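Asks: Below: one structure in C-alpha cells.
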Amino acid sequence: MAGEKEKLHIRLHIYDTDMPVVIDRDDKFMYREAAKDINEAVNAYSEIFKGKKSDKEILYMALIDIAYNYEVEKSKNDTTPVTDILSKITNEIEETLNE
C-alpha cells in the first residue's frame, strides 16, 4: 500500500542477549547504533562494577546513563525559548508598523 514503510526483521545483540526486532527499513542504522550505545554503556559499567553489583543493577546503571544523555540532548533541542522571543519580536514589529 502507498505510504506504508517496508518492515525489516533484524536481530540486535544487546549485552548477552540476541533481540529480534521488527523495524522500518529506513531505521536500521539507528537501531544498530542504539544497540552499540547500549553495549558500550553496559561494558563500561561492567568493567567497574562486575562482581560488586548484580547484572541487573549494571543494566539499570547503563539505562540511567543513556536516559540522562537523551534528556540532556532533548533539552538542547528545546526551541520554546527561541519561539517565544521570535513571537515577542514579531509582535513588537507589527505594533511599530501599525503606529
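Asks: On the basis of being within 23 Å of LYS5 (Cβ to Cβ) and at pLDDT below 95, does ASP55 make the cut?
Replies: Working: within 23 Å of LYS5 (Cβ to Cβ): no; at pLDDT below 95: yes.
So ASP55 fails the test.
Asks: Something else about it: Among the candidates ASP16, ASP24, single out the residue that is surrounded by 10 or more Cβ atoms within 10 Å (Cβ to Cβ) and of a type outside the set (Ser, Thr, Tyr). Step through it out loud before you land on a result.
Replies: Working: ASP16 fails: surrounded by 10 or more Cβ atoms within 10 Å (Cβ to Cβ).
Of the residues listed, the single one that is surrounded by 10 or more Cβ atoms within 10 Å (Cβ to Cβ) and of a type outside the set (Ser, Thr, Tyr) is ASP24.
Asks: Can we say SER75 is surrounded by 10 or more Cβ atoms within 10 Å (Cβ to Cβ) and among the small types (Gly, Ala, Ser)? Don't jump to the end; show me each part of the working.
Replies: On the way: surrounded by 10 or more Cβ atoms within 10 Å (Cβ to Cβ): no; among the small types (Gly, Ala, Ser): yes.
Taking the combined requirement at face value, the residue does not satisfy it.
Asks: Taking GLU47 and the conditions (1) within 24 Å of HIS13 (Cα to Cα); (2) free of Cβ contacts under 8 Å to residues at least 24 places away in the same chain; (3) surrounded by 10 or more Cβ atoms within 10 Å (Cβ to Cβ), which numbered condition does it fall short on, given that it satisfies the others?
Replies: Condition not satisfied by GLU47: (3).
Asks: While we're looking at this one, here's another question. Name the residues in segment 37-75 that are in contact with an Asp or Glu (Cβ under 7 Å, 6 or more places away or on another chain) and closer than 18 Å to THR17 by Cα, would you?
Replies: ALA41 - this is the single residue of segment 37-75 that is in contact with an Asp or Glu (Cβ under 7 Å, 6 or more places away or on another chain) and closer than 18 Å to THR17 by Cα.
Asks: Also, quick follow-up: Give the residues of segment 1-44 that are aromatic (Phe, Trp, Tyr) and either farther than 24 Å from ILE64 by Cβ or touching a helix residue (DSSP H, G or I) at 6+ places or on another chain (Cβ under 7 Å) (or both), sorted by residue number. Outline the logic, then answer.
Replies: Let us first name the residues in segment 1-44 that are aromatic (Phe, Trp, Tyr), namely 15, 29, 31.
Passing the criteria: TYR15, PHE29.
Asks: Answer yes or no: is there a residue in segment 50-57 that is of a type in the set (D, E, K, R), surrounded by 13 or more Cβ atoms within 10 Å (Cβ to Cβ) and within 13 Å of the chain's Cα centre (by Cα). Give the steps one after another, and end with the answer.
Replies: If we filter segment 50-57 for residues that are of a type in the set (D, E, K, R), which is where we start, we get 50, 52-53, 55-57.
Filter again for surrounded by 13 or more Cβ atoms within 10 Å (Cβ to Cβ), leaving 53, 55.
Restricting the remaining residues to those that are within 13 Å of the chain's Cα centre (by Cα) gives none.
Checked segment 50-57: no residue is of a type in the set (D, E, K, R), surrounded by 13 or more Cβ atoms within 10 Å (Cβ to Cβ) and within 13 Å of the chain's Cα centre (by Cα).
The values are calculated or read from the model by the stated rules, or taken from the named source; none is laboratory data. Since we're looking at a predicted model, the values are computed, not measured. Glycine gets a Cβ as well: all are built from the backbone with ideal geometry, and neighbour counts include every protein chain shown.
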